[in-house]
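*Asks:* So that we are looking at the same thing, I have put the structure below in structure tokens.
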Amino acid sequence: MRCLMCGKELGYGSLSDIISGEDPLCMECRRKWQKRRISFCFEGIRLRSSYVYNEAFSKCLIQYKELADEALKDVFLYEDLRWFQRMYREYQLVMMPSSLHKLQSRGFSHLRQMFECTGMEIIEPFVKTDEGDQKGKSKAMRHAIESGIVLRPDAQLHKKIVLCDDTITTGSTLKGALKALAGMDLKIRIYTVSANYRWLK
Ligand SMILES: [Zn+2]
């Protein structure tokens, strides 16, 4: 088996192989990711993250998302999988939405595939509205669209949910999602695989 990022042969039975286990990335590539247990309050909600968003992480995410390299789907949660499963044991995983045209051009739901390795229940109840969608809509509908994210009317949310995304940059998408959930009786947590430097203390 070869490392999914650099293509280097993963040594069979070598010490590094024993230490890294089934990791689809070699130790060198993995070491470039800045692992850190990040936890802070976002809009009054506990947000946790596993990595600082850096160049190596970004490169891998782009290769996965934009170049549709689906083989990379399991590398993002690999190191924190058991921790994640424990932390959010009773929660339903709610994927943050991609805009429709991005979803269509990718042809796959990158977040759902990324979180499938948890074996937990995943739903995608949000729709991200694109600019230009507002024509012919009612005033109430236009207002919802302006906030960027709409909850599908048939969404089957559990009481305890964790909003999941690959990264938090400005937090505007998450803010939009929280707005769409406002007034509902829910216990909400947020998990983003990585977090931009600006969120670190
Ligand atoms: Zn590598």
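The values are calculated or read from the model by the stated rules, or taken from the named source; none is laboratory data. Bear in mind the structure is a predicted one, so any value in this text is a computation, not a measurement. No Cβ is skipped: glycine too gets one built from the backbone with ideal geometry, and neighbour counts run over all protein chains shown. The area values use the complete protein model at the heavy-atom level, side chains included, leaving out ligands, DNA and RNA. Shrake-Rupley method; radii C 1.70, N 1.55, O 1.52, S 1.80 Å.
*Asks:* Only one of these conditions is not met by Lys32: (1) within 16 Å of the ligand (Cβ to nearest atom); (2) in contact with a strand residue (DSSP E or B) (Cβ under 9 Å, 6 or more places away or on another chain); (3) open to solvent by 10 Å² or more (accessible area, probe 1.4 Å); (4) modelled with pLDDT of 95 or more. Which number is it?
*Replies:* Going through the list (1) within 16 Å of the ligand (Cβ to nearest atom); (2) in contact with a strand residue (DSSP E or B) (Cβ under 9 Å, 6 or more places away or on another chain); (3) open to solvent by 10 Å² or more (accessible area, probe 1.4 Å); (4) modelled with pLDDT of 95 or more, Lys32 breaks only (2).
*Asks:* Identify the residue in the range 115-132 that is part of a loop (DSSP other than H, G, I, E, B) and crowded, with 20+ Cβ neighbours inside 10 Å and, among all such residues, is modelled with the lowest pLDDT.
*Replies:* The residue in question is Thr129.
*Asks:* Return the residues of the range 89-114 that are part of a helix (DSSP H, G or I), touching a strand residue (DSSP E or B) at 6+ places or on another chain (Cβ under 6 Å) and either of a type in the set (Val, Ile, Thr) or open to solvent by less than 20 Å² (accessible area, probe 1.4 Å) (or both); say none if nothing qualifies.
*Replies:* If the condition is that a residue be part of a helix (DSSP H, G or I), touching a strand residue (DSSP E or B) at 6+ places or on another chain (Cβ under 6 Å) and either of a type in the set (Val, Ile, Thr) or open to solvent by less than 20 Å² (accessible area, probe 1.4 Å) (or both), then Leu111 is the only one that fits.
*Asks:* I'm trying to understand the selection: among the residues of the range 40-67, which are crowded, with 17+ Cβ neighbours inside 10 Å and assigned to a loop (DSSP other than H, G, I, E, B)?
*Replies:* Result: Tyr53, single match.
*Asks:* Oh, and also: Give the residues of the range 154-174 that are among the hydrophobic types (A, V, I, L, M, F, W, C) and not in a loop (DSSP other than H, G, I, E, B), sorted by residue number.
*Replies:* Selection gives Ile161, Val162, Leu163, Cys164, Ile168, Leu174.
*Asks:* Take the residues in the range 68-86 that are touching a residue at least 60 places away in the same chain (Cβ under 8 Å) and in a helix (DSSP H, G or I); name whichever of them is nearest to Tyr191 (Cα to Cα).
*Replies:* Ranking the qualifying residues of the range 68-86, first place goes to Phe84.
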